[in-house]
Amino acid sequence: MNLINVGIIGVSGYTGLELVKMLVEHPIFTLTYCANTEGATSLSELHPSLLGVCDLAVEKVDLDQAASSCELVFLALPHKTAMNTARGLLERGVKVVDLSADYRLSQENYETFYCEHEDIENLSHAVYSIPELHGDVAAGARLIANPGCHVTASLMALAPFLNHIDLSHPIFIDSKTGVSGAGKSSTSTVHYVSVNDNINCYNIIKHRHAREIEQHASTLCAHEVKVTFVPSLVPMTRGMLACVYATLKTDCNPGEVIENFYADKPFVRLRNAPPHTKMTSGTNFADLFATRHGNALVAMCAIDNLMRGASSQALVNANIMMGLSETMGIPKIAYVP
């Protein structure tokens, strides 16, 4: 099979680094272009861990240069910046996997929680893809909206039970994330003295990812789904554990429901006890567990927020987009201990 040249715009952050680490080992994708807002550096200067691994130049963003170098570009950029960059790349015939929120929501929902959308045309054909939930919708796509970490973990725990729970009763989601989910820029909230020996609930109920969960869960089951979403920041570098609490309307075995729903999915593992975040660290695995207490359901999903919640899921989607095996180049060995 012919090699495929790919690039990363927004290579400075944690998700950009994770993409580099996977792409340098990928058998088909060849990393030929990396860029950020400043340029004038190299990958090993920007990320010292890459010394002796990859010393590719990091350019200042130039869409013409990206288009001449790449067939596919990953965007690891903030919202609003991403949509303008994606539009320019798509106009130049380059395929895009966007890790931001810019193409994940309907226009109405996006503008309620983010800002005015400036690329309505491409929003209409962007493909939202958690492969286990949406199949091969990414195949042949020009633009993939890669779901984020809270939404991926929450939907993967919730989705198998959408036909088994009473949607008229409250659905609560408690999602705990490592500090890397806040990005590389330092703020008072993620300063060491704020995070160490502390758990901090933030944006409870009104968090913008709640609407993303609701929109896509509703699409999956063709009924309106409402959730109460409570995210928490916990003192660890990476990892996420989403716990879903709902009311069952059917007499089901929760473990069997998950096992049947995700049968033969290579990156889903059913656990017989609540998963630990370390079990998935550095991988694309989603580890699930569910149990019941009468008609009360508890379902949980552990992922690596930087990998399954961002970069490795983006690479899986890119594999599917380009007609490759979804498992190609995707890490499976966890960072343990």
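The values are calculated or read from the model by the stated rules, or taken from the named source; none is laboratory data. This is a predicted model, so every value here is computed, not measured. So basically every Cβ, Gly included, is an ideal-geometry build from the backbone, and we count neighbours across all protein chains shown. Quick note on the areas: whole protein, heavy atoms, side chains included, nothing else; ligands and nucleic acids left out. Shrake-Rupley method; radii C 1.70, N 1.55, O 1.52, S 1.80 Å.
Going through region 227-263 one residue at a time, which ones are within 21 Å of the chain's Cα centre (by Cα) and charged (D, E, K, R)?
Keep residues of region 227-263 that are within 21 Å of the chain's Cα centre (by Cα), which gives 227-244, 258, 261-262.
Listed by number, the list holds a single entry, ARG238.
Checking the conditions here, which among ASP136, ASP98, ASP166 is among the acidic types (Asp, Glu), modelled with pLDDT of 95 or more and surrounded by 20 or more Cβ atoms within 10 Å (Cβ to Cβ)? Write out each step before concluding.
Values: ASP136 fails: surrounded by 20 or more Cβ atoms within 10 Å (Cβ to Cβ); ASP166 fails: surrounded by 20 or more Cβ atoms within 10 Å (Cβ to Cβ).
That would be ASP98, the only listed residue that is among the acidic types (Asp, Glu), modelled with pLDDT of 95 or more and surrounded by 20 or more Cβ atoms within 10 Å (Cβ to Cβ).
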Got a number for residues in region 15-33 being assigned to a loop (DSSP other than H, G, I, E, B), among the hydrophobic types (A, V, I, L, M, F, W, C) and either crowded, with 20+ Cβ neighbours inside 10 Å or touching a residue at least 60 places away in the same chain (Cβ under 8 Å) (or both)? 1
Of all residues in region 217-239, which are open to solvent by less than 70 Å² (accessible area, probe 1.4 Å) and at positive phi? GLY239
Any residue at all in region 210-221 that is touching a Phe, Trp or Tyr at 6+ places or on another chain (Cβ under 7 Å), of a type in the set (Gly, Ala, Ser) and modelled with pLDDT of 90 or more? yes
Of all residues in region 34-61 being outside any helix (DSSP H, G or I) and free of Cβ contacts under 8 Å to residues at least 12 places away in the same chain, which is most open to solvent (accessible area, probe 1.4 Å)? LEU51
Filter result (under 9 Å from the mean Cα position of the chain (by Cα) and either at pLDDT 95 or above or open to solvent by 10 Å² or more (accessible area, probe 1.4 Å) (or both)) within region 140-151: ASN146, PRO147, CYS149, HIS150, VAL151
Taking region 90-113 on its own, how many of its residues are aliphatic (A, V, I, L, M), in contact (Cβ under 8 Å) with a residue 60 or more places away in the chain and over 18 Å from HIS207 (Cβ atoms)? 2
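Tally up the residues in region 195-209 that are open to solvent by 100 Å² or more (accessible area, probe 1.4 Å), more than 22 Å from the chain's Cα centre (by Cα) and aliphatic (A, V, I, L, M), please.
Within region 195-209, the subset open to solvent by 100 Å² or more (accessible area, probe 1.4 Å) is 197, 199, 205-206.
From the residues that got through so far, the ones that are more than 22 Å from the chain's Cα centre (by Cα) too are 197, 199.
Retained after the next criterion (residues that are aliphatic (A, V, I, L, M)): 199.
Residues that pass the stated criteria total 1.
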Quick one: how many residues across region 240-261 are open to solvent by 40 Å² or more (accessible area, probe 1.4 Å), part of a loop (DSSP other than H, G, I, E, B) and not basic (Lys, Arg)? 3
Return the residues of region 155-172 that are farther than 15 Å from HIS216 by Cβ and out of contact with any strand residue (DSSP E or B) (no Cβ under 8 Å at 6 or more places or on another chain); say none if nothing qualifies. ASN163, SER168
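Could you tell me whether SER154 is touching a residue at least 12 places away in the same chain (Cβ under 8 Å), of a type outside the set (Phe, Trp, Tyr), surrounded by 18 or more Cβ atoms within 10 Å (Cβ to Cβ) and farther than 18 Å from ILE258 by Cα? Step through it out loud before you land on a result.
Values: touching a residue at least 12 places away in the same chain (Cβ under 8 Å): yes; of a type outside the set (Phe, Trp, Tyr): yes; surrounded by 18 or more Cβ atoms within 10 Å (Cβ to Cβ): yes; farther than 18 Å from ILE258 by Cα: no.
The answer is no for SER154.
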Among the residues of region 101-116, the number that are open to solvent by 10 Å² or more (accessible area, probe 1.4 Å), over 17 Å from PHE74 (Cα atoms) and not acidic (Asp, Glu) is 7
Qualifying residues in region 7-49 (those that are over 19 Å from the mean Cα position of the chain (by Cα) and of a type in the set (Val, Ile, Thr)) - the one nearest to LYS332 (Cα to Cα): VAL24
So which residues in region 69-87 are assigned to a strand (DSSP E or B) and of a type in the set (Gly, Ala, Ser), if there are any at all? none
Assess whether GLU121 counts as being surrounded by fewer than 17 Cβ atoms within 10 Å (Cβ to Cβ) and part of a helix (DSSP H, G or I). yes
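Does PHE261 satisfy the criteria of being under 21 Å from TYR128 (Cβ atoms) and of a type in the set (A, V, I, L, M, F, W, C)? It would help to see each step written out before you state the result.
Working: under 21 Å from TYR128 (Cβ atoms): yes; of a type in the set (A, V, I, L, M, F, W, C): yes.
The answer is yes for PHE261.
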Quick check on region 262-319: of everything there that is among the charged types (D, E, K, R) and in a loop (DSSP other than H, G, I, E, B), which residue is surrounded by the most Cβ atoms within 10 Å (Cβ to Cβ)? ASP304
